[in-house]
Amino acid sequence: MSTLIDSFGRQINYVRLAVTDRCNLRCQYCMPAHGIEIVPRDHLLTYKEMYRIIRVLTELGVNKVRLTGGEPFVRKGFVDFLEMLSFNDLLDDINITTNGAMIYKHIETLEKLQKVKNINLSIDSLKADKFNEITRRNVFDEVFKTMEALEKSSMNLKLNVVVQSGINTDEINDFVRLTKDKDIAVRFIEEMPFNGKGQRSIEENWNYTKILNEIKSEFSVTEVQSEKSSTSRNFSIENHKGSVGIIPAFTRTICGDCNRIRLTSTGTFKSCLFDDGVFNLRDFLRNGASNEELKDLFLSLVKEKPENGFIAEANRKKGNVSESMSTIGG
Ligand code: SF4
């Protein structure tokens with residue numbers, strides 16, 4: 001079996017697939033208040049096309065998929081798609097990133113899908129008013145209820161907290177306190193300019209080091225060995241059930257063993273978060289490409305994967321990073 005190895009010897013075994021560009025929230029670090037120009041429905045990959053692409057990728061050694069959006073549960077038939085994907089015997093993990101506003105009623109069904117193991121819940125404040133201010137929607141109660149239900153479920157829960165200068169940095173240690181009695185992983189993510197406007201002016205740059213120092217100001221942390229290609233650096237705290245992680249997504253110190261590729265909901269292949277898309281698979285498929293042609297394409301695209309996110313950004317053709325994360329899938 002051929003496997004996806006880039007020119008730096010990194011094996012690609014993880015794909016992030018955005019199932020839609022639609023979202024029911026309007027988070028300030030992801031899109032403008034008026035939202036983004038969503039694509040016509042027929043520009044989105046169908047579930048059948050997504051299944052086929054994932055199948056071909058798994059025959060090239062990919063064994064983990066993360067489903068993102070926009071908000072994946074916004075797309076009709078998403079849970080059926082999860083069931084369909086579960087039949088792919090080459091897939092080990094089907095992970096989901098969600099904003100938690102629509103998943104609650106599906107938790108029991110998801111627990112029955114053995115391959116659905118890890119749920120990442122995006123939640124950037126534990127205060128209702130600030131949460132609603134960040135998301136520009138009044139759904140704090142639903143999301144908080146969902147967080148509690150997921151924590152009690154058989155699936156692993158990770159909280160994704162985007163650290164936003166001047167907005168929620170005062171709550172970093174409130175989130176860390178959650179890990180005392182809850183068996184959850186709280187992961188702090190550096191804010192990035194994928195917000196539909198580009199880099200916003202900030203007073204303080206809350207990068208990996210500053211976030212870690214803030215945590216250390218109250219807690220004694222011990223760095224733990226993270227799994228290979230982990231996006232976060234992880235820490236334990238004595239007598240805490242859960243753990244804390246920091247994702248240096250913008251400072252990009254995690255590229256050395258990057259094992260990821262991305263597919264947008266319109267079928268654009270991205271070999272790095274910071275590139276502006278290297279190939280449109282949707283049109284390739286709809287023009288009749290065979291699975292063998294698809295495999296050859298993936299093998300050659302991965303060979304071109306840039307060494308790191310800075311080089312990917314420098315090679316962009318459509319200008320600086322500003323597109324909404326809702327069009328990429330994170
Ligand atoms: S910036 Fe690009 S190369 Fe670096 S970890 Fe992210 S996706 Fe991988």
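The values are calculated or read from the model by the stated rules, or taken from the named source; none is laboratory data. Because the structure is a prediction, the values reported are computed rather than measured. Don't worry about glycine lacking a Cβ; one is built from the backbone with ideal geometry, like all the others, and counts go over all protein chains shown. Surface areas here come from the heavy atoms of the whole protein model, side chains and all, with no ligands, DNA or RNA. Shrake-Rupley method; radii C 1.70, N 1.55, O 1.52, S 1.80 Å.
Where a Cα-Cα gap under 16 Å defines reach, which aspartates and glutamates qualify for K76, not counting those fewer than 8 residues away within the same chain?
Within reach: D21, D42, E49.
Could you do me a favour and compute the accessible area per residue for segment 1-88, 1.4 Å probe, result in Å²? Numbers along the way, then the final one.
Numbers: 3550 Å² over 88 residues.
Value returned for segment 1-88: 40 Å² of accessible area per residue.
What number, rounded to the nearest 500 deg cm²/dmol, is the helix-based mean residue ellipticity at 222 nm of the chain, given -39500 (n - 2.57) per DSSP H run of at least four residues and division by all its residues? If you can, show how the numbers build up before the last one.
Details: 10 runs with 92 residues, N = 330.
Dividing the helical sum by the residues of the chain leaves -8000 deg cm²/dmol.
Give the dimensionless ratio obtained when the Cα radius of gyration of segment 207-292 is divided by 2.2 N^0.38 Å.
Details: Rg = 18.7 Å, N = 86, 2.2 N^0.38 = 12.0 Å.
Segment 207-292 yields a ratio of 1.56.
Express the relative contact order of the chain as a whole percentage, based on alpha carbon pairs under 8 Å and six or more residues apart in sequence. Mind showing how you got there, number by number?
On the way: 654 pairs, mean separation 76.3, N = 330.
For the chain, the relative contact order is 23 percent.
Can you give me the accessible area per residue for segment 208-330, using a 1.4 Å probe, in Å²? Numbers along the way, then the final one.
Numbers: 5780 Å² over 123 residues.
Spelled out: the 1.4 Å probe surface of segment 208-330, per residue, equals 47 Å².
Tell me the carbon and sulfur percent of the accessible area for segment 151-229, rounded to whole percent, probe radius 1.4 Å.
Working: 1730 of 3940 Å².
On segment 151-229, the fraction of accessible area on carbon and sulfur atoms equals 44 percent.
Heavy atoms only, probe 1.4 Å: what % of the accessible area of segment 1-146 goes to carbon and sulfur, would you let me know?
Working: 3170 of 6220 Å².
Exposed carbon and sulfur together represent 51 percent of the surface.
No partner Cβ under 4.7 angstrom, meaning no disulfide-compatible partner by this rule: which Cys of the chain qualify?
C23, C255, C258, C272
Just to confirm a number: summing +1 for Lys and Arg and -1 for Asp and Glu over residues other than D93 whose beta-carbon lies under 10 angstrom from that of D93, what do you get? Please report the intermediate quantities before stating the final value.
Numbers: positive: K64, R66, K115, K117; negative: D92.
Residues near D93 contribute +3 overall.
Between their Cα atoms, which of K130/K197; K180/K216; K105/K130 are more than 18 Å away from each other? Don't skip to the answer; put the middle values down first.
On the way: K130/K197 21 Å; K180/K216 15 Å; K105/K130 25 Å.
Result: K130/K197; K105/K130 exceed 18 Å.
Along Cα→Cβ, 7 Å out, is where each label goes; now give me the distance between the ones at L113 and D42 in nm to one decimal.
The two pseudo-label positions are separated by 2.8 nm.
May I ask for the net charge around F298, where only other residues with Cβ less than 14 Å from the Cβ of F298 are counted and Lys, Arg are +1 while Asp, Glu are -1?
Details: positive: R52, R55, R260, R262, K270, K295, K303, K305; negative: D6, E59, E292, E293, D296, E304.
Around F298, the charge tally is +2.
Which residue, K152, K64, K76, tops the fluctuation ranking in a GNM of the chain built on C-alpha contacts under 10 Å?
Looking only at K152, K64, K76, the largest GNM fluctuation is found for K76.
Calculate how many DSSP beta bridges within segment 175-330 are antiparallel, expressed in % of all such bridges and rounded to the nearest 5.
On the way: 11 of 16 bridges.
Bridges in segment 175-330 that DSSP calls antiparallel: roughly 70 percent.
For the chain, rounded, prolate or oblate, judged on the Cα gyration tensor with a ≥ b ≥ c (square roots of eigenvalues), a/c < 1.5 rounded, else prolate if a/b > b/c? Intermediate results must be reported in sequence, preceding the final value.
Numbers: a/c = 1.44, a/b = 1.36, b/c = 1.06.
Verdict is rounded for the chain.
Across 10 Å bins from 0, what is the distribution of all Cα-Cα pair distances for segment 102-188, in whole percents?
16, 49, 29, 5, 0
Considering only the chain, what is the antiparallel percent among its DSSP beta bridges, to the nearest 5? Can you show the working numbers first?
Values: 12 of 45 bridges.
If we restrict to bridges inside the chain, about 25 percent are antiparallel.
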